[in-house]
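Asker: Mind having a look at this structure? Questions to follow.
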Amino acid sequence: MRIRLDVAYDGTGFHGWAAQPGLRTVEGALGNALATVLRVEAVELTCAGRTDAGVHARGQVVHCDLPDPVVESGLDRLGRRLDGVLDADVRVRRVARAPEGFDARFSAVWRRYAYRIADRPETVDPLRRASVLAWGRPLDAALMNQAAQALVGEHDFAAFCKRREGASTVRELLELVWSREADGLLVAHVRADAFCHSMVRSLVGCALAVGEGRRPPEWAGDVLGAGVRDSAVPVAPAHGLTLEEVGYPPEAELAARVEVTRARRG
């Protein structure tokens, strides 16, 4: 049986999603909790997006395959049992049997992140310091949105990614919008079919340079067009970033989406 878990976590105390020997990770914590609750030796997990150290999630999606008898008798209670084993900085919000063809990673059609910044003294809240970047200079959201216009669409984002051997850096950026929330926080809403390593935080770093007037809005397009990693583009701190949501197609299209995604990544 393939099950889907919707997971939320505060990334502050984790060395990212991916399991690493000797380090506390979300995959390690969740995998250990599943093995404990289900009394199995190990559980292999697949997530929609591997978050970096310090990055948070409200809408991470995970799947795992388990023998039917292990979960058939208690799938409805599995989420509560996992939360009883897990530390308080990671919660399982929903557990369900996955539909035919579902793959948490390759079935996804988009991922949506938010990056939150407090750039005014009155918006800096010590109670949110672990999830909001405190920025000491005011930022111009209009200029940041101008810069974003050149980045939306399907491009090679090599200039904004940490390249991995053999991995494509072509992505379709569906949305990059900066807006003010009611409390004055400046928030980037970023949605794409997928993201390469450090892409969102590099896009934010570029916008910060534009928003405080150090670079013109056209600079973002120039960086993209160069096609190589630009050391002038800072990678924004991890703690301001949250994976908010993952989108999937209708159930009848899940398997076909897996094939399309695997082909594009290849």
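The values are calculated or read from the model by the stated rules, or taken from the named source; none is laboratory data. Because the structure is predicted, anything quoted here is derived from the model rather than measured. Note that each Cβ is placed from the backbone with ideal geometry, even for glycine, and that neighbours are counted across all protein chains shown.
Asker: With respect to the numbered conditions (1) touching a Cys at 6+ places or on another chain (Cβ under 6 Å); (2) within 18 Å of Thr51 (Cα to Cα); (3) in contact (Cβ under 8 Å) with a residue 60 or more places away in the chain, which one is the sole condition not fulfilled by Gly240?
Answerer: Unmet condition: (1).
Asker: Would you mention how many residues in the stretch 12-36 are closer than 13 Å to Cys47 by Cβ, of a type in the set (Gly, Ala, Ser) and touching a helix residue (DSSP H, G or I) at 6+ places or on another chain (Cβ under 8 Å)?
Answerer: Of the residues in the stretch 12-36, 3 are closer than 13 Å to Cys47 by Cβ, of a type in the set (Gly, Ala, Ser) and touching a helix residue (DSSP H, G or I) at 6+ places or on another chain (Cβ under 8 Å).
Asker: Also: Quick check on Asp65: is it surrounded by fewer than 18 Cβ atoms within 10 Å (Cβ to Cβ), of a type in the set (Asp, Glu) and not assigned by TED's automatic domain parsing to the domain that holds Arg201?
Answerer: yes
Asker: Next question. Might you let me know whether the stretch 76-93 holds any residue that is in contact (Cβ under 8 Å) with a residue 12 or more places away in the chain, within 23 Å of Tyr115 (Cα to Cα), of a type in the set (Val, Ile, Thr) and not in a loop (DSSP other than H, G, I, E, B)?
Answerer: Yes, there is a match, as at least one residue in the stretch 76-93 is in contact (Cβ under 8 Å) with a residue 12 or more places away in the chain, within 23 Å of Tyr115 (Cα to Cα), of a type in the set (Val, Ile, Thr) and not in a loop (DSSP other than H, G, I, E, B).
Asker: Determine which single condition Ala57 fails, assuming it passes every other condition in (1) under 18 Å from Val43 (Cα atoms); (2) buried (at least 17 other Cβ atoms within 10 Å of the Cβ).
Answerer: Tallying (1) under 18 Å from Val43 (Cα atoms); (2) buried (at least 17 other Cβ atoms within 10 Å of the Cβ), Ala57 fails exactly one: (1).
Asker: Identify all residues within the stretch 124-143 that are over 21 Å from Thr12 (Cα atoms), in contact (Cβ under 8 Å) with a residue 60 or more places away in the chain and not in a loop (DSSP other than H, G, I, E, B); write none if there are none.
Answerer: Those that are over 21 Å from Thr12 (Cα atoms), in contact (Cβ under 8 Å) with a residue 60 or more places away in the chain and not in a loop (DSSP other than H, G, I, E, B): Ala141, Leu143.
Asker: Output the number of the condition that Ala220 fails; it satisfies all remaining conditions of (1) modelled with pLDDT of 95 or more; (2) loosely packed, with under 14 Cβ neighbours inside 10 Å; (3) within 29 Å of Trp135 (Cα to Cα).
Answerer: The number of the failed condition is (2).
Asker: Taking Gly205 as the residue in question, decide whether it is under 27 Å from Trp17 (Cβ atoms), small (Gly, Ala, Ser) and without any contact (Cβ under 8 Å) to a residue 40 or more places away in the chain.
Answerer: yes
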